[in-house]
Amino acid sequence: MNFTTIKNKIFIFVFLGILVFPWVGGGLLRLFAPSVFEKLSIVETEKRQLQEINAEELLDTGESLSGYIDDRIPFRYSMISWYKQINDAADEKYQIAASKIGQAIYQPVEPAPVVADVPEEVPAQENAPVTEFIPEVEEPVQEDPNFYPLAVYQDVIIGREGWLFLYGENEIECYQGSNLLTDEAMASYAAKLNELQTICNAKGKQLYIFIAPNKSQVFSKYMPTVEIVNTYKREQRLHAYLTENCSTPFIYPLTECLGAASAYQTYYKYDSHWNHFGALYGTNALYAAMGVEQTDPTQWIVGTGDAEKYELYTYMGMTDDSITHDDTEYIMDYRPEITVNGLNLDAMVCRTTSDGANQSKLCLIGDSFRVNMMPYLSKDFTSCTFAHRDYMTSVKADIKAADIIVIEAVERYDYEAFATVQRTINILSK
């Protein structure tokens with residue numbers, strides 16, 4: 001047995017040990033020290049409904065099984081915290097070592113002596129006035145008072161006044177305008193959209209594409225100072241292209257969101273999503289395209305409360321007891337006279353009925369930005385189906401029966417909207 005084989009087997013055993021240890025250790029701890037296990041349990045720290053297994057989609061994506069395991073692995077937050085501590089310690093040692101190595105190999109270059117430009121001597125003239133030579137002094141460079149350095153931790157940007165933003169997942173590229181789509185890519189998107197629109201026209205269905213703006217685009221005043229490569233950015237270009245080359249309404253409500261953000265907080269401070277108040281502005285933009293009645297979002301405010309949305313703190317490995325709860329949002333009571341049945345904001349697939357005014361059957365397929373839109377749509381349409389795009393297999397019949405199909409994605413995942421377009425084509429073509 002050679003060294004490589006032994007090494008590989010050791011790595012396999014170590015890997016399996018890392019996978020098994022939390023479950024075995026958690027089981028033993030729960031059996032012999034239940035109080036300690038309860039203190040470390042994910043159930044005590046995660047303030048949300050945990051993922052359940054959806055048998056219908058196991059053969060499709062299996063995401064619910066993966067989410068079920070991820071949500072219940074023992075010591076989840078402890079391991080995140082350990083990783084954070086180890087990563088911080090390693091980074092600190094690396095910086096010290098890098099500094100010492102840099103000092104050892106760097107040989108400073110002696111600057112050349114600076115010789116002031118002195119005017120050439122002029123022969124003295126009798127009774128001529130004596131003029132003292134004073135060398136010019138450069139004015140000190142003034143720093144930009146609006147400069148704020150970029151700081152990223154665990155894929156999270158630490159912005160001005162403590163605001164947090166996503167760095168990865170295509171967010172910073174969208175903000176800087178460095179990820180423009182090629183003409184070929186936009187033409188491909190347009191071709192898919194036109195194909196689905198043709199199918200919807202033949203079946204008497206309305207189709208809408210809705211792209212929710214990134215938080216960094218709407219609250220850029222809290223973003224750090226970074227280079228903006230293009231001010232005419234990816235989504236603005238895509239919106240213009242599809243508006244010209246497709247008949248399908250393509251809604252990107254950046255203007256509406258910016259207008260609202262000038263007076264109100266419409267996105268969470270420590271989360272990447274819009275809050276309930278901001279979601280109503282987005283819903284209004286969708287209604288404008290549909291020709292559905294819009295209302296002033298401020299008329300439904302009944303108070304304020306703790307925002308309770310701290311996703312980006314979780315990205316950073318911070319436990320609930322270390323989070324500063326200083327983010328608030330408006331409490332909305334939209335159309336209280338309308339009764340909705342079946343609304344579940346945590347469900348990946350949710351079907352509702354109501355005594356709303358619009359009798360059309362609406363099916364919205366999207367991502368997590370759909371969630372805060374659901375309380376409004378479910379009251380304005382008598383029959384709604386809301387589904388995460390990973391669960392489309394479960395809503396094939398709903399898509400076929402819908403009068404209105406809305407495909408939603410957040411700006412940083414706009415390409416997912418067109419993957420959903422293709423899957424919708426496949427469903428409606430059968």
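When you scan the range 323-430 for helices (runs of 4 or more DSSP H) that lie fully inside it, which ones turn up with 3 or more residues that are within 18 Å of residue 208 (Cα to Cα) and β-branched (Val, Ile, Thr)?
414-429
Pick from 299, 294, 236: which is open to solvent by 30 Å² or more (accessible area, probe 1.4 Å), in contact with a helix residue (DSSP H, G or I) (Cβ under 8 Å, 6 or more places away or on another chain), free of Cβ contacts under 8 Å to residues at least 12 places away in the same chain and on the phi < 0 side of the Ramachandran plot? Reasoning before the result, please.
On the way: 299 fails: in contact with a helix residue (DSSP H, G or I) (Cβ under 8 Å, 6 or more places away or on another chain); 236 fails: free of Cβ contacts under 8 Å to residues at least 12 places away in the same chain.
Of 299, 294, 236, the one residue that is open to solvent by 30 Å² or more (accessible area, probe 1.4 Å), in contact with a helix residue (DSSP H, G or I) (Cβ under 8 Å, 6 or more places away or on another chain), free of Cβ contacts under 8 Å to residues at least 12 places away in the same chain and on the phi < 0 side of the Ramachandran plot is 294.
Can you confirm whether residue 348 is at pLDDT below 95, in contact with a strand residue (DSSP E or B) (Cβ under 8 Å, 6 or more places away or on another chain), aliphatic (A, V, I, L, M) and open to solvent by 10 Å² or more (accessible area, probe 1.4 Å)?
Numbers: at pLDDT below 95: no; in contact with a strand residue (DSSP E or B) (Cβ under 8 Å, 6 or more places away or on another chain): yes; aliphatic (A, V, I, L, M): yes; open to solvent by 10 Å² or more (accessible area, probe 1.4 Å): yes.
So residue 348 does not fit the description; no.
How many residues does the range 312-325 hold that are without any contact (Cβ under 8 Å) to a residue 60 or more places away in the chain, under 13 Å from residue 271 (Cβ atoms) and open to solvent by 50 Å² or more (accessible area, probe 1.4 Å)?
So the answer is 1.
Could you check the range 159-222 for helices (runs of 4 or more DSSP H) lying wholly inside it with 1 or more residues that are charged (D, E, K, R) and within 29 Å of residue 401 (Cα to Cα)?
Per the criteria, 183-203.
On the basis of being within 19 Å of residue 257 (Cβ to Cβ), open to solvent by less than 30 Å² (accessible area, probe 1.4 Å), at pLDDT 95 or above and not in a strand (DSSP E or B), does residue 283 make the cut?
Yes, satisfied.
Which condition from (1) assigned to a strand (DSSP E or B); (2) within 20 Å of the chain's Cα centre (by Cα) is the one that residue 318 breaks?
(1)
The values are calculated or read from the model by the stated rules, or taken from the named source; none is laboratory data. Fair warning: this is a prediction, and the values are worked out from it, not measured in the lab. Please note: Cβ atoms are built from the backbone with ideal geometry, for glycine as well, and neighbour counts cover all protein chains shown. The protein model used for the area step is the full one, side chains on, heavy atoms only, and it has no ligands, DNA or RNA in it. Shrake-Rupley method; radii C 1.70, N 1.55, O 1.52, S 1.80 Å.
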